[in-house]
Amino acid sequence: MDSLFEMAMPWWEFVLRAVVVYVVVLVLVRVTGKRTVGQFTPFDLLLVVLLGTAVQNSLIGEDTSLVGGLILAATLLALNWAVGFATARNRRLDRIIEGEPVVLARNGEVFWHVLRRQNVSRADFEAAKREADCAEDARIGIAVLETSGDITLIRRDD
């Protein structure tokens, strides 16, 4: 029963580990692009599970106590809340963390090099066209990759 509450390291080390892992993983997810977040595929789910497993030891170290796990959970939730709070109040920080929408097509012209750079597959783009009831590229007014990873497509009125 003692091992349930006895921590293998001081409380502040849990907080420090959580902050470092949170920031590094946030940067890595941000660098990988919008598609990773918005277009969740089975591969992406596997990546998230493996990522959690990969950083587990970085967070917990040798500790297996209940208190240590609760400190980590509270720290990660607090960090997530703080990032949301800060980005809601600071446009520049929001752009850094969330990114900016990217134009994928305009006035019937699809920017294939931008789709490739943003890791948007042709199939994902075609699905967005179908969802917007836009069968032909020429009918696209504008197509935007949102910061959420969703593709917004507005048809042209000819």
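The values are calculated or read from the model by the stated rules, or taken from the named source; none is laboratory data. None of these values were measured; they are calculated from a predicted model. Please note: Cβ atoms are built from the backbone with ideal geometry, for glycine as well, and neighbour counts cover all protein chains shown. Just so you know, the surface numbers come from the protein's heavy atoms only, side chains and all, with ligands and any DNA or RNA stripped out. Shrake-Rupley method; radii C 1.70, N 1.55, O 1.52, S 1.80 Å.
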- Dipole check, the stretch 87-158, charges on Cβ (K,R +1; D,E -1), about Cα centroid: among A132, G99, L145 the Cα furthest to the positive pole belongs to G99
- Please compute the net charge surrounding L72, taking Lys and Arg as +1 and Asp and Glu as -1 over other residues with Cβ under 12 Å from its Cβ. -1
- Which log10 I(q)/I(0) values, to two decimals, does the stretch 87-158 give at q = 0.13, 0.22, 0.28 Å⁻¹ under the Debye formula with one point per Cα? -0.39, -0.89, -1.25
- Task: With no solvent and one equal point scatterer per Cα, compute the Debye intensity ratio I(q)/I(0) for the stretch 118-158 at 0.25 Å⁻¹ and report its log10, rounded to two decimals.
- Result: -0.82
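Quick check: at a probe of 1.4 Å, how many percent of the accessible area of the stretch 86-158 sits on carbon and sulfur atoms? Before the final figure, lay out each step's value.
Working: 2030 of 4650 Å².
Of all accessible area on the stretch 86-158, carbon and sulfur atoms account for 44 percent.
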- Two-site label geometry, V23 and E131: point separation in nm, points 7 Å out along Cα→Cβ: 3.5
- Shape parameters for the stretch 49-135, alpha-carbon atoms, Rg then Dmax in Å: 20.2, 59
- Summing -39500 (n - 2.57) over every DSSP H run of at least 4 in the chain, dividing by its residue total and rounding to the nearest 500, the 222 nm mean residue ellipticity is -19500 deg cm²/dmol
- Please identify the helices of the chain, taking whole runs of DSSP H, that span at least 15 Å along their own axis as judged from the Cα atoms and have a mean Kyte-Doolittle score of -1.0 or higher. 11-32, 42-60, 66-89
- Query: GluC sites (Glu not before Pro), restricted to the stretch 49-158: which are DSSP loop and have at most 11 other Cβ atoms within 10 Å?
  - Reply: E62, E136
- Note on the structure: Over the chain, with neighbouring protein chains present, the accessible area per residue in Å² at probe 1.4 Å is 66
- Matching label for the computed Cα extents along the principal axes in Å, out of (1) 49, 44, 29; (2) 73, 34, 22; (3) 72, 28, 21, is (2)
- Task: Return P(r) of the stretch 49-92 (all Cα-Cα pairs; 10 Å bins starting at 0; whole %; ordered from short to long distances).
- Result: 24, 40, 25, 11
